[in-house]
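Read the structure below first, then the notes.
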Amino acid sequence: LIMDNRTDQGQYKAILTKLVEVMDTASRTACFHIAVALSRDLIDFETIPTDLIYMLYLNAVQYIDQYNLSELSYFLLLFSAPAVQEQVPKEFWTNCVEPQLMQALDDFNAHRDELEISYFLDDFSRCFMSLVVSGHASDKVWT
């Protein structure tokens with residue numbers, strides 16, 4: 001896919017379109033790995049088929065309680081990209097992401113002595129900044 005240090009976005013689009021065909025049988029882990037790959041900003045976000053974003057969104061909603069902050073951050077980095085934001089409903093951020101972040105803070109406070117603080121802060125800040133960049137952070141996040 002890389003020729004002369006340039007990526008061929010057409011080839012990426014063809015591969016991603018094929019991926020949509022099998023997404024309905026993809027596992028939670030497979031969807032996570034797809035989100036990781038897409039969130040790394042190697043592919044023009046406008047190349048990503050809307051059906052693929054929708055399938056990843058559905059997976060994130062279904063399994064949000066099972067993803068840890070680090071895993072969740074990759075979905076959120078992808079979903080907060082300007083070319084992708086409009087495909088993710090505001091309710092995802094307010095009804096799914098915000099409660100997860102509030103729960104993560106509660107868990108952190110309860111288990112502070114058992115956690116590696118720098119890892120928590122790294123994961124939490126990626127999730128929080130994605131929420132802020134999405135433009136859908138409610139007032140309760142700031143209090």
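Since every read-out is calculated from the coordinates, none of them should be taken as a lab result. Predicted model only: the values in this text are computed from it and were never measured. Backbone-built Cβ (ideal geometry, glycine too); neighbour counts: all protein chains shown.
In terms of the Cα gyration tensor, with a ≥ b ≥ c the square roots of its eigenvalues, is region 86-143 rounded because a/c is under 1.5, prolate because a/b exceeds b/c, or oblate?
Working: a/c = 2.58, a/b = 1.96, b/c = 1.31.
Prolate.
Just to confirm a number: summing +1 for Lys and Arg and -1 for Asp and Glu over residues other than SER70 whose beta-carbon lies under 11 angstrom from that of SER70, what do you get?
-2
Taking the inverse of the average 1/r across all pairs of different Cα atoms in region 2-142, what Kirkwood radius in Å do you get?
Numbers: mean 1/r = 0.0630 Å⁻¹.
After inverting the mean inverse Cα-Cα distance, the result is 15.9 Å.
Could you give the angle, 0 to 90 degrees to the nearest 10, between helix 69-79's Cα long axis and the longest principal axis of the Cα atoms of the chain?
Value to nearest ten degrees: 50.
Using only the alpha-carbon atoms, how far is helix 28-39 inclined from the longest principal axis of the chain? Give it as 0 to 90 degrees, nearest 10.
With both axes taken from Cα atoms, the answer is about 70 degrees.
Where the only charges are on Cβ atoms (+1 Lys, Arg; -1 Asp, Glu), what is the dipole of the chain about its Cα centre, to the nearest 20 debye?
In total the dipole reaches around 260 debye.
In whole Hz, what ³J(HN,Hα) sequence does region 43-49 give by Karplus (6.51, -1.76, 1.60; θ = phi - 60°), x for Gly and Pro?
10, 4, 4, 6, 7, 6, x
Would you calculate, for the chain, the mean residue ellipticity at 222 nm contributed by helices, counting each DSSP H stretch of 4 or more residues as -39,500 (n - 2.57) and dividing by all residues, to the nearest 500?
That calculation yields -19500 deg cm²/dmol at 222 nm.
Would you order ILE64, ILE53, ILE117 from fewest to most other beta-carbon atoms within 10 Å of each residue's own beta-carbon?
Ascending Cβ contact count within 10 Å gives the list ILE117, ILE64, ILE53.
Only counting other Cβ atoms within 10 Å, I'd like VAL22, VAL88, VAL97, VAL36 sorted with the fewest neighbours first.
VAL22, VAL36, VAL88, VAL97
How far apart, in nm, are two points set 7 Å out from the Cα along the Cα-to-Cβ line at VAL22 and at ASN109?
Computed distance between label sites VAL22 and ASN109 equals 4.5 nm.
Run the simple label-point estimate for ASN95 and GLU46 please: 7 Å along Cα→C-beta, distance reported in nm.
Here the answer is 3.1 nm between the modelled labels.
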